[in-house]
Amino acid sequence: MYHHSAVNEFLVETAMLLHRYGTPSHRLERVMTKVAASLGVEAIFLYTPTALVVSIKDAEGETTVVRRVDSGEVHVDKLFRADDVLSKLEAKEITIDLATKQLQSIDDSPPPYPFPVRSIACAISCGAIAVLLHGSRADFVAASMIGFCIAGIERAQTQFGQERNLVQPVAGFVAAIVSLAIAHFVMPIDDRLVTLAGLIVLIPGLSLTVALTELAVGHLSAGGARLAGALVSLLTLFLGVAIAWRFAQSWQNVPLQPDDPHWLWQWGALIIAPIAFAIVFQARVAQWPVIILVSLLGIFVSRSVNPFYGVEVATFAAAFAVGCGSNLYARMRDRPALIALTPAMIILVPGSIGYRSLSAMLDHQTIEGVEFGFNTLLIAVCLVGGLLTSNAVVPPKHIL
């Protein structure tokens, strides 16, 4: 048997690592409770995006640990490897000491892709979103340029240790001012569409969906905190956009944009976008096939159902298909469903509609802004409903 202090330290450090890799609260609490049970202790985990509370009972009494934590971005590869270590620990194939060393090695390991590759993937994903929003070829080029700039801004923030909260307004300002400059001085583009597409990796649509999922399954503190954080992120992001629009108001008289690109561009974007987001979320090449298949399944279901039953039913059906596909992969390969689920969901989340709601409000189109805001929440709820239903129909083997 392990000494209780070693078990306590391992459980706390592992929970913090999973939190750092973007694990939602309802999944983190369940998986850590299961790991604790496999080690012969009773533990209760309470997790929010900014705090982790662990209460551990053993033969010597009860120990409560409180940690201040910072919510991290989803890191598919590290989640994949950490899940493998925890599975071996539960099966008694490795000791706590070895599991601790392996988890620390995973945490210290460099990302699977160097910064230039991730920057290019970010640029391509933004360009692909512009095409999926029916932008022109010029919109694709402009959105890709802005996506590359956004990646550079995030890199600079990390290198110089600036506050994370500064990224959103600075990125919003840069995206809006660059798109306006391109539209006014270089070539005809839809500057607002390009701004939206260029910021897609920062728009917190995924956080909004995860927050509503946490609220739906009863994790009120985590869901409420994450929902508030998502809304504040969206507001600060749009703050930079609004300042740019006011600063360069005279540049907004742009020519009419060309017609929509050929349908081949749409299909190309549908295939390229999942790969680009897989790289953005740090998924290795071996995990690409399932990510592409699940992403295309969700898009195909959404576009097939939408003309007949509307966007709400289409969103529910797409989330259900993505959830079932991810859970089926998890059962067949004994891997975390989050590997396929997270990159596939980013294409379906309603963050762009929330952005348009704020844009309409800024233009004094109050009714349209309220309608967009309501549609954002409605689509997010439909996504959550589809995911929860898929978990009931095809339960995953793994909690992650």
I need the full set of residues from the stretch 276-290 which are closer than 22 Å to PRO116 by Cα and touching a residue at least 24 places away in the same chain (Cβ under 8 Å), in order please.
ALA276, PHE277, ALA278, ILE279, VAL280, PHE281, GLN282, ALA283, ARG284, GLN287
Going by the conditions given, is ALA176 under 11 Å from LEU237 (Cβ atoms), at pLDDT 85 or above and surrounded by 24 or more Cβ atoms within 10 Å (Cβ to Cβ)?
yes
Is at least one residue of the stretch 89-103 open to solvent by 60 Å² or more (accessible area, probe 1.4 Å), at positive phi and either of a type in the set (D, E, K, R) or out of contact with any Ser or Thr (no Cβ under 7 Å at 6 or more places or on another chain) (or both)?
yes
Checking GLY152 against (1) in contact with a helix residue (DSSP H, G or I) (Cβ under 6 Å, 6 or more places away or on another chain); (2) at pLDDT 85 or above, which test does it fail?
(1)
Quick check on my filter: what residues within the stretch 130-150 are open to solvent by 10 Å² or more (accessible area, probe 1.4 Å) and of a type in the set (A, V, I, L, M, F, W, C)?
LEU132, LEU133, ALA138, PHE140, VAL141, MET145, PHE148, CYS149
Run down VAL41, VAL31, VAL35 and say which single residue is β-branched (Val, Ile, Thr) and within 17 Å of LYS101 (Cα to Cα).
VAL35
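To keep it simple, each residue is scored yes or no on (1) in contact with a His (Cβ under 7 Å, 6 or more places away or on another chain); (2) modelled with pLDDT of 85 or more; (3) not small (Gly, Ala, Ser).
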position: THR315; (1), (2), (3): no, yes, yes
position: VAL322; (1), (2), (3): no, yes, yes
position: SER326; (1), (2), (3): no, yes, no
position: LEU338; (1), (2), (3): no, no, yes
position: GLY354; (1), (2), (3): no, no, no
position: SER359; (1), (2), (3): no, no, no
position: ASP363; (1), (2), (3): no, no, yes
Counting just the residues of the stretch 43-82 that are in contact (Cβ under 8 Å) with a residue 40 or more places away in the chain and of a type in the set (Phe, Trp, Tyr), which one comes out least open to solvent (accessible area, probe 1.4 Å)?
TYR47
Selection from the stretch 93-118 of residues that are small (Gly, Ala, Ser) and within 17 Å of the chain's Cα centre (by Cα)
none
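The values are calculated or read from the model by the stated rules, or taken from the named source; none is laboratory data. Predicted, not measured: the structure shown is a model, and the values here were computed from it. Note: ideal-geometry Cβ built from the backbone for every residue, glycine included; neighbour counts use all protein chains shown. Areas reflect the complete protein model, heavy atoms only, side chains present, ligands, DNA and RNA absent. Shrake-Rupley method; radii C 1.70, N 1.55, O 1.52, S 1.80 Å.
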